[in-house]
Amino acid sequence: MVRFLNTCLLAFFLSGCCSIVIPPVTLTGSKTAAERQIIGESAELEKDVWLVASARTASRVKLDYRDENESATQFVEGGYAYEAFLILDTFEKKLKELKKDRVVGENNRGLVSNLLLEKNYTVPENIRQKYDEKLKDDLDKGLPYRTLVETVEQINRARLLLARAYIENQKKANPNFKAKEEEILVSQKASYQEAALKGEMIQLDDGRWIAKP
């Protein structure tokens with residue numbers, strides 16, 4: 001199904017959207033649960049909206065470059081975002097389940113954290129046993145742990161890719177633009193945490209973890 005993605009980190013697509021052929025889209029007034037989880041209900045760059053196909057239909061998106069000088073840069077930027085959306089679409093359900101179990105939370109750096117590794121939070125024993133690292137080599141019992149590790153890694157990778165794409169675009173307009181990926185992510189921390197559901201874990205600026213009220 002084609003979805004309406006309102007992305008806080010993809011302002012660059014507006015400047016280049018005319019070079020991308022997008023499949024027919026149906027606009028709706030609401031986001032999917034996954035989009036609320038990953039992107040947020042409200043973003044600092046809310047005015048920068050781009051219509052894209054979901055990753056399930058992304059294979060139909062074709063890049064049509066206007067000239068050879070632009071193509072290399074647009075390929076890099078579009079490639080970063082394209083890969084990010086594929087990752088987010090693949091891992092959105094797993095992320096939701098892991099947050100529900102409170103083994104993954106939104107940290108204060110704009111990324112997600114494996115709460116089993118956090119010093120300022122103790123995972124309940126019954127949940128810790130479910131995601132026990134000692135079981136990782138067991139085909140069945142080790143699946144929860146392997147899923148946890150892979151999901152955290154891939155979600156954070158996708159967020160970094162979106163930040164990287166944004167930076168590359170900003171450099172086109174301003175060669176002196178020096179922001180780092182980590183700085184872009186931190187600037188979006190509030191949006192990610194606001195998008196978290198009630199009861200999910202978020203990290204305060206002082207490092208403490210709390211359940212979202």
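Overview of results
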item: Residue-span extension gain [Leu139 to Leu197] - 0.36 nm each, minus C-alpha spacing; result: 17.8 nm
item: Greater than 27 Å apart at Cα, pairs in Lys130/Lys180; Lys134/Lys189; Lys96/Lys134; result: Lys130/Lys180; Lys134/Lys189
item: Cut-off under 5 Å, modelled amide H: who pairs with Ala179 long-range; result: none
item: Stretch gain in nm, segment Ser187-Ile210, where the contour uses 0.36 nm per residue and the Cα spacing is subtracted; result: 6.3 nm
item: Added length on full extension, which subtracts the Cα-Cα distance from 0.36 nm per residue, Thr90 to Lys178; result: 28.5 nm
item: Equivalent ellipsoid semi-axes, region 148-195, via Cα gyration tensor eigenvalues times 5, rooted, Å; result: 23, 13, 7
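Bear in mind these aren't lab numbers, they're just calculated from the coordinates by the rules spelled out. The shown structure was predicted, so the numbers you read here are calculated from the model rather than taken from an experiment.
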